[in-house]
Amino acid sequence: MISVGFVGLGLIGARRFHIAQKMGCRIAFAIDPDPARWASLQVEGCHYASSIAELNTVEQGPVDAIFIAIPHDLAHSACRWALERKAHVLCEKPLGITLAEAGAIRSQSKAAGLHLCAGFNYRFLSGVAAMRDLLREGGLGDLHRVRICMAHGGRPGMEAEWKLQRKRAGGGALIDPGIHLVDLVRHLFGEPEVVDCDLRRRFWNVDVEDNCSLRLRIGSAEVTIDVSLTSWKNLFSIEAFGRDGLILLNGRGGNYGVQTVEYVNRWFWNGKDRRSLQDFGTPDMSFELETRAFLRKVLDGTPDSVLSTAEDGCEALRIVEAAYAAAVTRPAS
Ligand SMILES: NC(=O)c1ccc[n+]([C@@H]2O[C@H](COP(=O)([O-])OP(=O)(O)OC[C@H]3O[C@@H](n4cnc5c(N)ncnc54)[C@H](O)[C@@H]3O)[C@@H](O)[C@H]2O)c1
């Protein structure tokens, strides 16, 4: 039986915990400074601790894998500790708050022969999988343009949370959730370079951007990524336009709405109509599929072309850093 440990039992850590439990993993330990987080996650044989230091005082057997889901500024040291314990690691994106941090743990994992996966679960969304298939089938022809939009409206009091503090999160909308979209661009379309980036703080009284418009280029194709934390409805869409057709992905399940993927071929009305429309409803299985793919890889080395690597985690951060360096930052408007 595969054995796992958890660092961070917040929104995402708890979600992965439930999945591991459902999969029948042995959960050896779970660390979170807030004991209230443990309350609904009581599992026999699991050692609960409020910090890594506290866990270290108790003799622990080896674990196969450790899941890390904590504020971004703590990710680097937690990954280092987990890799020193000879565990494979799935750390939620980003792999630290700088490329230097991510690069250091990538090197450590390589030297130790351990998997280090960045949690890029959007790759496992049903809509993204369908888009990936359509792209593989070549229905777009030469890529002209990609437009990605992600938005939500946060919640009252969000300005006090770590997610909107530069020191803790590493930035605002661009690094989170923007890094997911940067990763999807690389995953679906290829390696982009940064053209320009516009950052704004429109609503939240914080020291990071709550809106970001990023322009990238892949060869001659233009890619735009718009992220907003001040749209009062959750939105997620990817539109890809090519010489021979277009693909429109909408929604990502849950409160981002039904996932649909539509393909339209050029001048369908004037020849062979190859249009399609797929509807995946509201379930979001991405965390479950990613967790399973990661644990399969840990268990028997089963490769998975969708699962991200430490390299992917680093490349996404490299682009985010380049975008911050290129950014025009504007005050609240
Ligand atoms: N893929 C996605 O869709 C998605 C969505 C949200 C968050 N995330 C990522 O997941 C990670 C965690 O985000 P979250 O939403 O779960 O945050 P959260 O604030 O809900 O949870 C963070 C948890 O970490 C705990 N913590 C703080 N310091 C700790 C330490 N030293 N050791 C152990 N635990 C500690 C906190 O008590 C809290 O329970 C981040 O990397 C974030 O970017 C991913």
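The values are calculated or read from the model by the stated rules, or taken from the named source; none is laboratory data. All values derive from a computational prediction rather than experimental measurement. Glycine gets a Cβ as well: all are built from the backbone with ideal geometry, and neighbour counts include every protein chain shown. Ligands, DNA and RNA are excluded from the accessible area calculation, which covers all protein heavy atoms including side chains. Shrake-Rupley method; radii C 1.70, N 1.55, O 1.52, S 1.80 Å.
General remarks:
- Nearby lysines by direct alpha-carbon distance to residue 297 (threshold 22 angstrom, same-chain neighbours under 8 apart not counted): 22, 86, 93, 110
- Solvent accessible area, Å² - residue 230, 1.4 Å probe, full protein context: 30
- DSSP bridge pairs, the chain: antiparallel proportion in percent, nearest 5: 55
- Heavy atoms of the protein chains alone define the surface here; on that basis region 3-119 has 41 Å² accessible area per residue at 1.4 Å probe size.
- Axis of helix 11-22 versus longest Cα principal axis of the chain: the two differ by about 70°, to the nearest ten degrees.
- The calculated FRET efficiency for the pair residue 2 and residue 273, based on their C-beta separation and a Förster distance of 45 Å, comes to about 0.40.
- Modelled spin labels at residue 233 and residue 305, positioned 7 Å past Cα toward Cβ, are 3.6 nm from each other.
- Crossing angle, helix 99-112 versus the chain [Cα axis fit, 0-90 degrees, rounded to tens]: 60
- Helical content alone sets the calculated 222 nm signal of the chain at -9500 deg cm²/dmol, taking -39,500 (n - 2.57) per DSSP H segment of four or more residues and averaging over every residue.
- Accessible area of the chain belonging to carbon and sulfur atoms, whole % at 1.4 Å probe: 52
- In the complete set of protein chains, residue-level accessible area for residue 299 is approximately 120 Å², probe 1.4 angstrom.
- Among 290, 191, 161, residue whose mean-square fluctuation peaks in a GNM of the chain (springs only between Cα atoms under 10 Å): 161
- When the chain is treated as a Gaussian network with alpha carbon springs shorter than 10 Å, the biggest mean-square fluctuation among 12, 66, 247 belongs to 12.
- Angle in degrees between helix 310-326 and the longest Cα principal axis of the chain, rounded to the nearest 10: 60
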